[in-house]
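Engineer: Quick one: this structure, given as structure tokens, is what I'll be asking you about.
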Amino acid sequence: MESPVDLEALASWMDKQSLGNGEIEVLGPLGGGTQNIILRLRRDGRDFVLRRGPANLRAKTNSALLREMRVLSALAASPVPHPAVIATCEDETVLGGAVFYLMEPVDGYNPSEQAPVGDRDRLRHIAFSSVDAIAALAAVDHVAVGLGDLGRPEGFLDRQVPQWLGQLERYRELDGYPGHDLPGVDRVADWLTANQPADRIPGIMHGDYHLANLLVSHESGDVAAVVDWEMSTIGDPLLDLGWLLATWPQEDQHLLLGDGVRALQGVVTRDELVARYEERSGRRVADAEWYVVLACFKLGIVIEGTHARATAGLMGKAVGDRMHAGAVGLLTQARSVAGV
């Protein structure tokens, strides 16, 4: 198949890393809900997965990938399920302006794209394993693994509402986007500010934690790897739990993720997921509803950006419309949970 990356340049770089010899075979693209280029490759009898930004790089694409490389490398000796990094390239000149890295293939499936199968116990095991992964992440000492300067944990929660309201307002700079019509976003913002909990013990956050960013083992049903770490930072790890709860498939909810996750609908309650997180992480969760509302608020604004870019002609209309419907659904859920 035709490759979206320069295989000759990649082979030359791999030669310098002692990663096989000869031609590179492209086995095919891999999905996962991102706009990045993810390719499964084979060289000299060994399989690799390459990850880089899209063909048309955005201003922050490379910095986000560099962050992802750093976090994944730091987690190498941890119990957090993640793709093992083989080699990273911070030189933007190798592949036409994009940084990239190679990782080991993961034997697992995306539950958003492929519905989990099995009896109720099996499905509950998958659900609880999705919590265990972020509980393990929350337990990692970010300073000890070299990520002490990754983010700004002091005042992390204080910054969330103004930061994301500002982001929503900046979408107006896109030609053709008239501004948002997200229901009650200001009321949700006011509720979050009025009910904000005290800062918690800081830790590593994935930043975009939901079922579509997991690979599940075919054999055991455990989470084999958490993927897409571009939004990771040092902050309040409870927001990862809120993100998972906010996007968990429910009745009469806009399905933001792929159809596959419907198989997990109703197999566990939010209370059970919260209890599992407390048990495995050692962190007390007294304000789960607040974190769910913040996750809905933040994610809704993030994906409204796709709608804004589509309105401005920078993306396909169908994708933009789907993301806008998801954003409206998230803000509606936030208002319901907050009671505003």
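Engineer: Please list Thr93, Thr61 from largest to smallest accessible area, probe radius 1.4 Å, with all protein chains kept in place.
Structural biologist: Values: Thr93 110, Thr61 15 Å².
The most accessible residue leads, giving Thr93, Thr61.
Engineer: For the chain, find the longest principal axis of its Cα atoms and tell me its angle to the long axis of helix 7-16, 0 to 90°, nearest 10.
Structural biologist: On a 0 to 90 degree scale, this one is about 80.
Engineer: Once you have a ≥ b ≥ c as the square roots of the Cα gyration tensor eigenvalues for the stretch 96-182, tell me rounded if a/c is under 1.5, and otherwise prolate or oblate according to whether a/b is larger than b/c.
Structural biologist: Prolate, since a/c reaches 1.5 and a/b exceeds b/c.
Engineer: Where in the chain is the longest stretch that carries no GluC sites (Glu not before Pro) classed as loop by DSSP and with at most 16 other Cβ atoms within 10 Å?
Structural biologist: 252-340
Engineer: Let me know the charge dipole size of the chain about its Cα centre in debye, to the nearest 20, where only the beta-carbon of Lys, Arg (+1) and Asp, Glu (-1) is charged.
Structural biologist: Dipole of the chain, to the nearest 20 debye: 320 debye.
Engineer: Rounded to the nearest 20 Debye, what is the dipole magnitude of the stretch 168-305 about its Cα centre when Lys and Arg each give +1 and Asp and Glu each give -1 at the C-beta?
Structural biologist: 280 debye
Engineer: How would His218, His210 line up by accessible area, probe 1.4 Å, largest first?
Structural biologist: Putting His218, His210 in descending order of accessible area: His218, His210.
Engineer: On to the next question. From the C-alpha gyration tensor of the stretch 244-339, pull out the three semi-axes of the equivalent ellipsoid (sqrt of 5λ each), sorted largest to smallest, in whole Å. Display every interim value, and only then the final one.
Structural biologist: Values: eigenvalues 155, 45, 25 Å².
Semi-axes (√(5λ), whole Å): 28, 15, 11.
Engineer: Let me ask you something else. Once you've got the GNM for the chain with C-alpha springs shorter than 10 Å, pick whichever of Ser18, Ser73, Ser112 has the biggest mean-square fluctuation.
Structural biologist: Ser18
Engineer: Oh, and also: Return the single residue from Ala263, Ala198, Ala135 with maximal mean-square fluctuation; model: Gaussian network over the chain, springs between Cα atoms under 10 Å.
Structural biologist: Ala198
Engineer: How large is log10 of I(q)/I(0) for the chain at q = 0.11 Å⁻¹ when the intensity is taken from the Debye formula with one equal scatterer per alpha-carbon?
Structural biologist: -0.75
Engineer: Tell me the trypsin sites (Lys or Arg not before Pro) within the stretch 249-340 that lie in a loop according to DSSP and have at most 14 other beta-carbon atoms within 10 Å.
Structural biologist: Here the trypsin sites (Lys or Arg not before Pro) that fit, given the DSSP loop and packing criteria, are Arg284.
Engineer: Calculate how steeply helix 120-138 sits against the longest principal axis of the alpha-carbon atoms of the chain, using the helix alpha-carbon long axis, and give the answer as 0 to 90 degrees to the nearest 10.
Structural biologist: So the inclination is approximately 80 degrees.
Engineer: In vacuum, with every alpha carbon of the stretch 117-158 counted as one equal point scatterer, what does the Debye formula give for log10 I(q)/I(0) at q = 0.22, 0.31, 0.32, 0.33 Å⁻¹? Two decimals, please.
Structural biologist: For the stretch 117-158 at q = 0.22, 0.31, 0.32, 0.33 Å⁻¹, log10 I(q)/I(0) is -0.79, -1.01, -1.02, -1.03.
Engineer: Here's another thing I want to ask about it. Would you work out the Kirkwood radius for the stretch 7-103? I mean one over the mean of 1/r across all pairs of different Cα atoms, in Å. Before the final figure, lay out the partial values.
Structural biologist: Numbers: mean 1/r = 0.0717 Å⁻¹.
Hydrodynamic radius (Kirkwood, Cα pairs) of the stretch 7-103 is 13.9 Å.
Engineer: Run the accessible area of the chain with a 1.4 Å probe and give the carbon-and-sulfur part as a rounded percent.
Structural biologist: Details: 7230 of 15200 Å².
Ligands and nucleic acids excluded, carbon and sulfur reach 48 percent.
Engineer: What is the chain's relative contact order, in percent, from Cα pairs under 8 angstrom and six or more apart in sequence?
Structural biologist: 18 percent
Engineer: Separation of the stretch 159-237 and the stretch 304-340 by C-alpha centroid, Å?
Structural biologist: Here the two parts' Cα centres lie 14 Å apart.
Engineer: Follow-up question, since we're still on this one. Once the whole set of protein chains is in place, how much accessible area is left on Arg120, using a 1.4 Å probe, in Å² to the nearest 10?
Structural biologist: Only protein atoms counted, so the area is about 140 Å².
Engineer: Per residue, how many Å² of accessible area does the chain show with a 1.4 Å probe?
Structural biologist: In whole numbers, the chain has 45 Å² accessible per residue.
The values are calculated or read from the model by the stated rules, or taken from the named source; none is laboratory data. No experiment lies behind these values; they were computed from the predicted model shown. Heads up, the Cβs are rebuilt from the backbone with ideal geometry, glycines too, and the neighbour counts pull from every protein chain shown. Ligands, DNA and RNA are excluded from the accessible area calculation, which covers all protein heavy atoms including side chains. Shrake-Rupley method; radii C 1.70, N 1.55, O 1.52, S 1.80 Å.
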